[in-house]
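Inspection log for the structure reproduced underneath, given as structure tokens.
The values are calculated or read from the model by the stated rules, or taken from the named source; none is laboratory data. Just so we're clear, the structure is a prediction, and the values are computed from it rather than from any experiment. Note that each Cβ is placed from the backbone with ideal geometry, even for glycine, and that neighbours are counted across all protein chains shown. For the accessible areas, the whole protein counts, side chains as well, though only heavy atoms, and no ligand, DNA or RNA atoms are used. Shrake-Rupley method; radii C 1.70, N 1.55, O 1.52, S 1.80 Å.
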Amino acid sequence: MSSGPQSGPQCGASPSATSPTQWGAYCALVRWDWVREMKKKTTLISMGVMGLITLFLFSFAIPISSTKAEILEDTRAGILWVTFLFAATIGIDRAFRNDAESGLLEGLLLAPVERMTLYFARVTSTLLFVVTLQGFLFVLFLVLFNQSISGEGLVGLIVSAIATDVGFVTIGVLISAMTWSLPGGDVMLRILLFPMLLPILNVTVEVADRAFDGRAPTAQQLGMLFAVDALFLGAGSLLFEHLVNDSGGSS
Amino acid sequence: MSQTAAHIADDWNKGAIPGMTGPSRGFVAHVLVALTALFGLNWLVVTYVPFEIKMIGSSYLIFFYHFPGAINGALFYLGLFAFSVAYLRTKKPVWDRRARSAAAVGFLANMVLLVTGSTWAKAAWNAWWVWSDPRLMSAAVASLIFLGYLMLQSAVEEPARRRQISAVYGILAFVNIPVVHFSIQWFGQTSHPMKFDAMSAESIVHTRWYAVAAFLVLYSALYRWRYDRTTRNERVEEALNRIRRIEERTHA
Amino acid sequence: MSTAALRVHSVWKRFGARDALAGVSLEAPRGACFALLGHNGSGKTTLLRILSTLWQPTEGDIEVLGYSLAKDASAIRARIGVVLDRHLLPRDFSLRDGLRMYADLHAVPDAAARIESLAARLGLARRLRDPVRTFSRGMGQRASICRALLHDPEVLLLDEPFTGLDAAALDVTESVIEEIKAAGRTVVLVTHDLERAARLATHAVVLSNGRKVFEGDPVAAASVAGSAS
Ligand SMILES: Nc1ncnc2c1ncn2[C@@H]1O[C@H](COP(=O)(O)OP(=O)(O)OP(=O)(O)O)[C@@H](O)[C@H]1O
Ligand SMILES: [Mg+2]
């Protein structure tokens, strides 16, 4: 990608106006997001603990005993994904809130970076957090609920989970950019986000269910997930700038 | 001083303060047409279509009130989408008012769809709610998504910001409709089969599309009412802002 | 091509009933130090934020270095340095990491050396390793100036840059402004320090209730601003 328009004036006095390529800026943003999270890991830790608590709560909802093992077989995929959802939403909610409150968001908006780059970078770093979290929660789930999964099933699960996460995070980060400034924005995020996720959860839970039985996802299922990813990515990249740019005020 | 007076006059003339007039004649006529059309629908249902059809019985009659909810709901959601796009392109508040009105009416049609669907489910399967029915499910999910749009309206305080966020969400919500539809249609648990082929009789098809048209007249009247009301409210708000500005300028 | 560094043409910014800016026009040539004066709430910060591309005007056109604000915001951002009321650095980062992050975003060549020399200049060399959250108010302001200068901007937008600074830092900031002027670059200075503004500025505008009430000689502007409030 080229940087800076050619139509601009010549700045003979000062050849200093450096602006990075969008790719360079993207990498820098993702890297520094990651470094920032790794300083204190507050978001990762809150997400992990929330996931752990949710798993414990499910043990109340479902009578889990050796005599009723088949109940767990019917519900485990759903348990796993609802846990992922509740835990990951914490990270999504923070995609902008913390930066906006500390003023850092304005600093990023002042950088010579296209809004779309900012969006993709934030999606990528949030995705990294969410995938890390899911790896941790999945192992925890296998241990706590005494489950196992075949190698083939695991591959299907991972592929479908990542396909789902991409859609989940692209739409989540977009909605997070809508709600961070609202009073009660954390609740609003969930109210707006969860219904939009119901359709892909419907698919991915079914895939996870098959995966536990050692079966691979069907082409139609994966196709659906990837199609949703593409749709959400397209919508997100077109709409994001309207959320971070100032509205100009009302007349 | 005379310059201030000129400013005031200029500001004042930008728009008159709207009076509190009653409904216009056009609107009253619109409502009357809608009521007549609905009366006509009831008449058709009583006299024109068969009272019972095989395997389904008479409960299918609710279909003529159910089906328009789906079509008209989709139509107004499409309106919401188009108006939201128009708002983001032009930043003109009129598109936001149209979008908001379309969302409210679309949501109402969606609720009619849900309530009639649920009633039908009770008659057919003896349960108000059937999780495995893809039509009920996608209608419910769609209603939740668009409920979010309506909730946003009161959640954002600053008007310009509210318009921006709503427009983005309105677009997103509409884009989601096919996702909702196909994911639930293709991947839901196997549903109770509805025997739609039994309902292909000519009289039924005619009545069904007549019902869509009749309800469309009603919903568009409601849309008009909402739109006029929000327009008036915004005009009043603008007028108040003008007065406040004038007041400040004369104080300064 | 235009020689003006800034061109603001009848800009309005409206917040509901309030006109924060009501038809302000001004032009600043390159190499100017442009002082924006006026009482509290007169619209100085609003104008500066619009120039910085963070806010959009409700009406009106703006050009910075010949780039249109509406079309080429990204090009403008690459060429301006902004000091706002907050330092905009990540609170948990050390000053060095925070500055390095911004250096990366601006693709500053030889960033490490530049950070060292700027920090030394503003007396923060020994605090480069401390987390920004531990900084005192004046240190935060110094850090903010470092951040704004990092990519050697052609236009520097300063919103009350002297707040909280001690005598030494004030001198440094003043000499930085002088150097930037001498290099043919442009400074927009929002301040309530009228003496300093009269000394540093080459042009001045006084705002009152979002309108331009005076434009011209900085010394005269300072006295107008002084008597208005
Ligand atoms: N986000 C906002 N919402 C509503 N009104 C605002 C907003 N920001 C600024 N204003 C109003 O705009 C006017 C100008 O504010 P601005 O911050 O530009 O003043 P200022 O000249 O920088 O004042 P100060 O010297 O106190 O910094 C004020 O009346 C203020 O109340
Ligand atoms: Mg200010």
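Quick notes
- Here C:V188, C:V172, C:V176 are screened, and the one residue that is outside any loop (DSSP other than H, G, I, E, B), within 16 Å of ligand 2 (Cβ to nearest atom) and touching a residue at least 12 places away in the same chain (Cβ under 8 Å) is C:V188.
- Qualifying residue in region A:111-125 (condition: part of a helix (DSSP H, G or I), without any contact (Cβ under 8 Å) to a residue 60 or more places away in the chain and not aromatic (F, W, Y)): no
- Listed by first and then second residue, the pairs with beta-carbon distance under 6 Å, at least 6 apart or on different chains, first residue in region B:148-172 and at the interface with chain A (Cβ under 7 Å from one of its Cβ atoms), second surrounded by 23 or more Cβ atoms within 10 Å (Cβ to Cβ) and modelled with pLDDT under 90, are B:A160/A:G249.
- Exactly one residue out of A:L142, A:L154, A:L108, A:L72 is surrounded by fewer than 16 Cβ atoms within 10 Å (Cβ to Cβ) and either in contact (Cβ under 8 Å) with a residue 40 or more places away in the chain or within 18 Å of the chain's Cα centre (by Cα) (or both), and it is A:L154.
- Candidate set from region C:47-56 (those that are facing another protein chain (nearest Cβ under 10 Å) and near ligand 1 (Cβ under 10 Å from one of its atoms)); member that is surrounded by the most Cβ atoms within 10 Å (Cβ to Cβ): C:I50
- Test: residue in region A:218-228 that is more than 16 Å from the chain's Cα centre (by Cα), buried (at least 24 other Cβ atoms within 10 Å of the Cβ) and within 11 Å of chain B (Cβ to nearest Cβ): yes
- Taken together, C:A70, C:A78 contain a single residue that is in a helix (DSSP H, G or I) and more than 16 Å from ligand 2 (Cβ to nearest atom), which is C:A78.
- Picking from residues in region C:7-21 that are among the hydrophobic types (A, V, I, L, M, F, W, C) and surrounded by fewer than 21 Cβ atoms within 10 Å (Cβ to Cβ), the one that is farthest from C:K44 (Cα to Cα) is C:A17.
- Among the residues listed as C:G164, C:G123, the single one being in a loop (DSSP other than H, G, I, E, B), more than 16 Å from ligand 1 (Cβ to nearest atom), open to solvent by 10 Å² or more (accessible area, probe 1.4 Å) and away from chain A (no Cβ under 11 Å): C:G123
- Test for C:I115: is it under 21 Å from C:A143 (Cβ atoms) and either part of a strand (DSSP E or B) or more than 16 Å from ligand 2 (Cβ to nearest atom) (or both): yes
- Apart from one condition, C:E59 fits all of (1) farther than 17 Å from A:L109 by Cα; (2) more than 16 Å from ligand 1 (Cβ to nearest atom); (3) surrounded by fewer than 21 Cβ atoms within 10 Å (Cβ to Cβ); the exception is (2).
- Applying a threshold of 9 Å to beta carbon distances and a minimum spacing of six or more residues, or different chains, the list of pairs starting in region C:1-19 at a residue that is at pLDDT below 90 and ending at one that is within 16 Å of ligand 2 (Cβ to nearest atom) and hydroxyl-bearing (S, T, Y) reads C:F15/C:T46.
- Take the conditions (1) farther than 26 Å from C:S223 by Cβ; (2) buried (at least 18 other Cβ atoms within 10 Å of the Cβ); (3) not aromatic (F, W, Y); C:K71 misses just one of them, which is (2).
- Taken across region B:130-151, residues that are within 18 Å of the chain's Cα centre (by Cα) and over 23 Å from A:L231 (Cα atoms) do occur, with at least one present.
- Near pairs, Cβ below 8 angstrom, 6+ apart or cross-chain, from region C:26-46 (within 16 Å of ligand 2 (Cβ to nearest atom) and open to solvent by less than 50 Å² (accessible area, probe 1.4 Å)) to any residue that is assigned to a loop (DSSP other than H, G, I, E, B) and among the aliphatic types (A, V, I, L, M): C:F34/C:A201; C:A35/C:A201
- Restricting attention to region C:65-108, the residues being β-branched (V, I, T), more than 7 Å from every other protein chain (Cβ to nearest Cβ) and under 20 Å from A:A25 (Cβ atoms) number 2.
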